[in-house]
Amino acid sequence: MLVTTNSNLRSRTAAPTPGRGLQGIAERVEVLGGRLLHYGVDDGGATFRVTVTLPWR
């Protein structure tokens, strides 16, 4: 699964909300038996990508 968001990541000023963000994604993926493989910024900071594997059930 690949999740991509295109937004101006440089303008974020709000503090992270608990249970959301990368930690929340990693926790949910682990509960489903998957793994968080990669995350990071591409396109000069315009795109943030998250790649996870999930088991086929």
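None of the figures in this text is laboratory data; all of them are computed from the coordinates on show. Given the structure is predicted, the values throughout are model-derived calculations rather than measurements. Every residue, glycine among them, receives a Cβ derived from its backbone with ideal geometry; neighbour counts consider all protein chains shown.
In whole Hz and in residue order, list the ³J(HN,Hα) couplings for region 22-36 that follow from phi through the Karplus curve 6.51 cos²θ - 1.76 cosθ + 1.60, θ = phi - 60°; x for Gly and Pro.
4, 5, x, 4, 4, 5, 5, 4, 4, 4, 7, x, x, 9, 7
Which order do the peptides 30-40, 45-55 come out in when sorted by mean C-beta neighbours inside 10 angstrom, highest first?
By packing density, highest mean first, the sequence is 45-55, 30-40.
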